[in-house]
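The values are calculated or read from the model by the stated rules, or taken from the named source; none is laboratory data. Please read all numbers here as calculations on a predicted model, not as lab measurements. With ideal geometry, Cβ positions are generated from the backbone for all residues, glycine too; neighbour counts draw on all protein chains shown. Protein only, heavy atoms only, side chains kept; ligands, DNA and RNA dropped before computing areas. Shrake-Rupley method; radii C 1.70, N 1.55, O 1.52, S 1.80 Å.
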Amino acid sequence: MTPLFFFGTLRHQPLLDVVLGRPLTPEPAQLPGYRVAWAEAESFPMLVEDAGSMAEGVLAHGLTDQDIARLNFYEGAFSYDLVEITAQGANGPVPARVFMPKDAPWQPGADWQLQDWVDRWGALTLIAAAEVMRAFGRETASQVAARFPIIRARAQSYVMAQNRRRPVTVSSPLTRNDIELSSLDFPYEKFFAVEEYETRFRRFDGQWSDTGARAIFNVGDAVTVLPYDPVRDMVMLIEQLRIGAYAQGDPQPWLLEPVAGIVDAGESYEDTAYRETREEAHIELSALHKVAGYYPSPGGIAQYLVSYVGIASLADDRKTVGGLESEGENIRNLLVPYDQLVQMLESGELVNAPMVMSVQWLMLNRDRLRA
């Protein structure tokens with residue numbers, strides 16, 4: 001079978017192993033007349049025609065029909081096709097094929113180096129690729145492509161969690177190393193995912209627990225923002241249908257909330273806070289004040305939230321309904337004076353947890369913000 005030339009992320013051996021589902025070691029090769037560049041503002045490279053250049057890459061020999069099917073599935077999610085080329089192997093020219101975009105909308109940026117990509121995107125991409133390839137044989141490439149942003153967001157939340165450290169004063173010294181994982185299944189993976197674990201853990205007396213089953217709902221990290229105008233002493237609240245309240249049987253499933261959104265791959269929590277406030281509330285924040293970072297329900301939900309109070313100039317003359325139509329959002333915003341906000345908290349009108357926490361933080365810090 002004609003070998004494949006990989007010029008970009010599939011040169012990363014761990015990623016190639018995940019996509020193929022087996023180990024395969026390619027040989028170094030080059031592609032004359034091309035260079036490899038970053039796709040501008042993206043997390044991947046692209047081939048650029050350049051008569052005086054030589055694109056570095058690898059040739060994968062011995063690929064099976066199953067390998068090609070898996071590669072087509074993975075690259076198909078990115079709208080790539082296989083194109084005939086002639087690569088330069090160790091012993092001279094070699095007929096080969098390479099994945100090329102069908103209609104490349106990207107502009108080339110700086111020269112791309114594999115190690116730079118590994119340092120910035122490697123860990124996230126390996127986790128995302130594993131979820132993509134678990135869908136092989138169950139979904140089409142286009143179905144996976146439609147949810148690829150949330151797949152990458154979930155992967156980023158895992159990478160960020162690995163780097164998270166909390167102060168330890170009265171906490172126990174137990175860590176992830178005190179948990180043994182015997183099996184992990186993924187019975188449902190769509191916009192949200194369900195994961196089923198079989199684990200045992202070290203007890204506080206040093207003995208090991210029995211192995212038990214646990215299931216979690218994997219959402220992806222998110223932020224919330226309560227916009228506050230210290231000059232007018234008003235906040236902006238968001239109202240929208242929340243299916244969780246509906247599923248509980250709540251007769252009033254439209255909830256008052258702060259602005260909220262999932263952290264996209266490559267974003268910081270702060271980046272997401274500014275973006276989501278712009279998308280949902282159509283306002284620009286001048287400053288962010290962190291309320292807290294926390295797990296909202298760690299017994300069954302794998303998600304870390306960061307809540308903020310955002311300083312903004314809140315005008316009566318504004319667009320009052322927003323959200324992204326592509327995501328089926330219909331979001332109303334309303335301005336509430338501070339004194340009324342406190343009354344709403346005390347009466348129980350506010351039942352969204354980040355909302356309650358953010359209002360309580362504002363009650364403690366309002367005078368400082370107004371000063």
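Considered as a group, the residues in segment 356-371 that are closer than 16 Å to Val231 by Cα and in contact with a helix residue (DSSP H, G or I) (Cβ under 9 Å, 6 or more places away or on another chain) include one that is least open to solvent (accessible area, probe 1.4 Å), and that residue is Leu362. Of the conditions (1) modelled with pLDDT of 95 or more; (2) within 20 Å of Ile243 (Cβ to Cβ), Asp339 satisfies every one except a single condition; which number is it? Status for Asp339: all satisfied but (2). Pick from Ala60, Ala87, Ala77: which is over 15 Å from Pro32 (Cβ atoms), of a type in the set (Gly, Ala, Ser) and either at pLDDT 95 or above or touching a Gly at 6+ places or on another chain (Cβ under 8 Å) (or both)? Exactly one of Ala60, Ala87, Ala77 is over 15 Å from Pro32 (Cβ atoms), of a type in the set (Gly, Ala, Ser) and either at pLDDT 95 or above or touching a Gly at 6+ places or on another chain (Cβ under 8 Å) (or both), namely Ala60.
Residues of segment 238-250 that are out of contact with any Lys or Arg (no Cβ under 9 Å at 6 or more places or on another chain), open to solvent by less than 60 Å² (accessible area, probe 1.4 Å) and on the phi < 0 side of the Ramachandran plot: Gly244, Ala245. Among the residues of segment 21-57, none is identified as assigned to a loop (DSSP other than H, G, I, E, B) and closer than 14 Å to Ile85 by Cβ. Whether any residue in segment 168-187 is surrounded by 10 or more Cβ atoms within 10 Å (Cβ to Cβ), part of a loop (DSSP other than H, G, I, E, B) and not hydrophobic (A, V, I, L, M, F, W, C) is what I want to check. Looking through segment 168-187, none of the residues is surrounded by 10 or more Cβ atoms within 10 Å (Cβ to Cβ), part of a loop (DSSP other than H, G, I, E, B) and not hydrophobic (A, V, I, L, M, F, W, C). Considering (1) surrounded by fewer than 19 Cβ atoms within 10 Å (Cβ to Cβ); (2) touching a Ser or Thr at 6+ places or on another chain (Cβ under 8 Å); (3) within 30 Å of Ile127 (Cα to Cα), the lone condition that Gln303 does not fulfil carries the number (1).
Of all residues in segment 344-355, those satisfying the criterion of being exposed (fewer than 13 other Cβ atoms within 10 Å of the Cβ) and not in a loop (DSSP other than H, G, I, E, B) are Glu346, Ser347.
Of all residues in segment 12-42, those satisfying the criterion of being crowded, with 20+ Cβ neighbours inside 10 Å and within 19 Å of Pro95 (Cα to Cα) are Pro26, Ala29, Leu31, Tyr34, Arg35.
Counting the residues of segment 90-133 that are of a type in the set (Lys, Arg), open to solvent by 70 Å² or more (accessible area, probe 1.4 Å) and more than 17 Å from the chain's Cα centre (by Cα) gives 1. Tyr294 passes every criterion in (1) within 30 Å of Glu196 (Cα to Cα); (2) modelled with pLDDT under 95 apart from (2).
Just one of the listed residues (Trp112, Trp106) is among the aromatic types (Phe, Trp, Tyr) and closer than 13 Å to Thr9 by Cβ, and it is Trp112.
Filtered by the rule that a residue be open to solvent by 60 Å² or more (accessible area, probe 1.4 Å) and more than 21 Å from the chain's Cα centre (by Cα), segment 251-289 gives Pro251, Gln252, Trp254, His282, Glu284, Ser286. Filtered by the rule that a residue be open to solvent by 60 Å² or more (accessible area, probe 1.4 Å), in contact (Cβ under 8 Å) with a residue 24 or more places away in the chain and within 27 Å of the chain's Cα centre (by Cα), segment 312-343 gives Asn330, Arg332.
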